[in-house]
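Here is the structure we will look at.
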Amino acid sequence: MGEPPDRRGFLKVATCCVGGGVALAAGVPVVGLLVDPAGKQTVSSGKDPFDLGALSRFAVGAPPTRVEIVAPVVKDAWTAATNVVLGAAFIQRTTPDTIVALSAVCPHLGCAVGFDAKAGNYLCPCHDSRFALDGAKTTGPSERGLDPLPVKVVGDRLELTWVRYKLGQTSREPA
Ligand code: FES
């Protein structure tokens, strides 16, 4: 003798509800885990100022000093890397109170610009763009001069904020 039809129907519905509830409870955290990073801000460069050391390190009137900009930690949505070299900058102290900071990233296609001590100016080895000590372009295909970077004296130390700009255009826009 079988169960009455209404009892069988109730058991089917109850089983489906319990099964669905269990699947939902197990699935929500997994979906959240997979989707969560997409909603987080991706950090690809240091936003806080970098301590470049004592101001006395940069002698007045000396040739530009190349400094590497190293981020202690760079995170994106899924990973974190330590001691990441973001780029380099040239620092020149032209007077006790005037500091010129220029990105060493060539604005043309992003090669590393060097200081040509013999010529007393900056040279990009990739396509021979040259830049004056103040960063102005003098020759070559670069669409603009070297990008200035914000610096600040804090106590007896120098801080620099790293900015990467878009390449290959005359206007200066953060990338
Ligand atoms: S990348 Fe520097 S001149 Fe082309």
- So what's the net charge close to PHE115: Lys and Arg +1, Asp and Glu -1, counting the other residues with Cβ under 12 Å from its Cβ? +2
- Task: With a point put 7 Å past each Cα toward its Cβ, work out how far ARG66 is from THR95 in nm, to one decimal.
- Result: 2.9
- Query: Applying 1/(1 + (r/R0)^6) with R0 = 22 Å to the Cβ-Cβ distance of VAL85 and GLU143, what FRET efficiency is obtained, to the nearest 0.05?
  - Reply: 0.30
- Task: Determine the equivalent ellipsoid of region 82-121 by diagonalising the alpha-carbon gyration tensor, then write out the semi-axes as square roots of 5 times the eigenvalues, largest first, rounded to whole Å.
- Result: 21, 16, 9
- In vacuum, with every alpha carbon of region 50-160 counted as one equal point scatterer, what does the Debye formula give for log10 I(q)/I(0) at q = 0.11, 0.18, 0.24 Å⁻¹? Two decimals, please. -0.38, -0.91, -1.28
- Quick one: net charge around PHE50, please, counting Lys, Arg +1 and Asp, Glu -1 for every other residue with C-beta under 13 Å from its C-beta. -1
- Stretched fully, the stretch from ARG172 through TRP78 gains (0.36 nm per residue minus C-alpha distance, one decimal, in nm) 30.8 nm
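Readers should treat all values here as calculations from the given coordinates under stated rules, not as data from a laboratory. The structure presented is a predicted model; accordingly, all values stated were derived computationally and were not measured. Here the Cβ is made from the backbone with ideal geometry for all residues, glycine too, and neighbour counts use every protein chain on show.
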